[in-house]
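The values are calculated or read from the model by the stated rules, or taken from the named source; none is laboratory data. Just so you know, these numbers come straight off a predicted model, no measurement behind them. We place every Cβ from the backbone using ideal geometry, glycine too, and count neighbours over all the protein chains shown.
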Amino acid sequence: MELPYTTLEQWVVLQTVVNEGSYAQAADVLYRSQSSVSYALASLQQRLGLPLLQIVGRKAELTEQGRALLSQAQPLITAFAQLEARAVGLRQGAKTQISLVVDAVFPKENLFLSLQVFQQQFPDTRLQLTEILRNETDRQLQERAADLYITTQPAENALNSRWLMDVDFVPVAAREHPLLLKPGTLTHTELAHYPLITLVDRDSQRDEKRKASQTVNWSFTTIETAIEAIVHGVGYGWVPLHVVQQRINSGELVRLPLGERAVRKTALYLTYNSEQHSYDPTLNALVAELERRKD
């Protein structure tokens, strides 16, 4: 078997130039001099005997041959990055501490059963768990301070995120609420006459004070308090079905008749901080437990 006469490094340089549009910008991204970028591409084209790039205006673009060859090289670039990330994960071994960010609507029973098994597997690993609300997701994912996230939206880099489960939300009110005295399917107009119980973080709650709203919303910062407000007849609200199922069974809360609008599904995604994290054996053990209980 003969050794390749082009290198992965050269293909990565080509990919970066195409992504960034110029040699200068690619050099900045790769922390190299522009001359070294030019040399790598000149050497690659010389060894292949084909022109891979052409300058259109001020932008470096692939030739037809370059487009065909780079499309074949891209899976190799990705596979090599994954190989190196896995090697780092194997070298590091078991983590001594894991930070986990979890949306408040994730089923608590699933969470704590998973953590219980994980603790038995890794008794020396500490866990830091932060519970968030939906409108905190963007900030948490941008800060990238945790190892693992369970949130209502995936990260921008979809490679590090995958669907975990759906959570059903249902509209409920206390059994003596006036909405339940109305016949038939409730309309938006009928709902608008009564406070809607919403769930927001403290920053959003402060922002709401400054805004004029046509709807009567009462906002709370925890699911538990929001549900208690509904139970006491303060208003109606959309809440996770798994949280209030027992109260519905007992008759304490009643699902509102909204016809086809009676259930809303919210997806939860599991996101690693980075691709390197996705090869960490400790994190993957926790992920395996979480995914085992998603149904």
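Brief remarks follow.
- Residue match in the stretch 2-13 (condition: surrounded by 15 or more Cβ atoms within 10 Å (Cβ to Cβ), closer than 20 Å to residue 80 by Cα and without any contact (Cβ under 8 Å) to a residue 24 or more places away in the chain): no
- Any hit, the stretch 222-236, residues being assigned to a strand (DSSP E or B), at negative phi and modelled with pLDDT of 90 or more: yes
- Any chance residue 75 is at pLDDT 85 or above and under 22 Å from the mean Cα position of the chain (by Cα): no
- Top-ranked residue of the stretch 22-48 - restricted to ones that are exposed (fewer than 14 other Cβ atoms within 10 Å of the Cβ) and part of a loop (DSSP other than H, G, I, E, B), ranked as farthest from the chain's Cα centre (by Cα): 33
- Test: residue 104 is among the small types (Gly, Ala, Ser), over 23 Å from residue 270 (Cβ atoms) and either surrounded by 16 or more Cβ atoms within 10 Å (Cβ to Cβ) or in contact (Cβ under 8 Å) with a residue 40 or more places away in the chain (or both): no
- Here the stretch 166-187 is the region considered, the condition is being among the aliphatic types (A, V, I, L, M) and either more than 35 Å from the chain's Cα centre (by Cα) or exposed (fewer than 15 other Cβ atoms within 10 Å of the Cβ) (or both), and the residue that is nearest to residue 198 (Cα to Cα) is 179.
- Where helices (runs of 4 or more DSSP H) fall entirely within the stretch 61-178, those with at least 1 residues that are among the aromatic types (Phe, Trp, Tyr) are at 64-92, 108-121.
- Taking the stretch 250-293 as the range and being over 18 Å from the mean Cα position of the chain (by Cα), of a type in the set (Gly, Ala, Ser) and more than 30 Å from residue 186 (Cα to Cα) as the test, only 285 passes.
- Unique residue being exposed (fewer than 13 other Cβ atoms within 10 Å of the Cβ), in the same structural domain as residue 177 (by TED's automatic domain parsing) and touching a residue at least 60 places away in the same chain (Cβ under 8 Å) when the list is 237, 259: 259
- Residue within the stretch 53-68 that is among the hydroxyl-bearing types (Ser, Thr, Tyr) and either over 30 Å from residue 274 (Cβ atoms) or surrounded by fewer than 12 Cβ atoms within 10 Å (Cβ to Cβ) (or both) present: yes
- The C-beta contact set for the stretch 269-295 (first residue among the small types (Gly, Ala, Ser), second residue crowded, with 20+ Cβ neighbours inside 10 Å and in a strand (DSSP E or B), distance under 9 angstrom, 6+ apart or interchain) comprises 278/272.
- Taking the listed residues 128, 142, 82, the one that is polar (S, T, N, Q) and either in the same structural domain as residue 13 (by TED's automatic domain parsing) or surrounded by 13 or more Cβ atoms within 10 Å (Cβ to Cβ) (or both) is 82, with no other qualifying.
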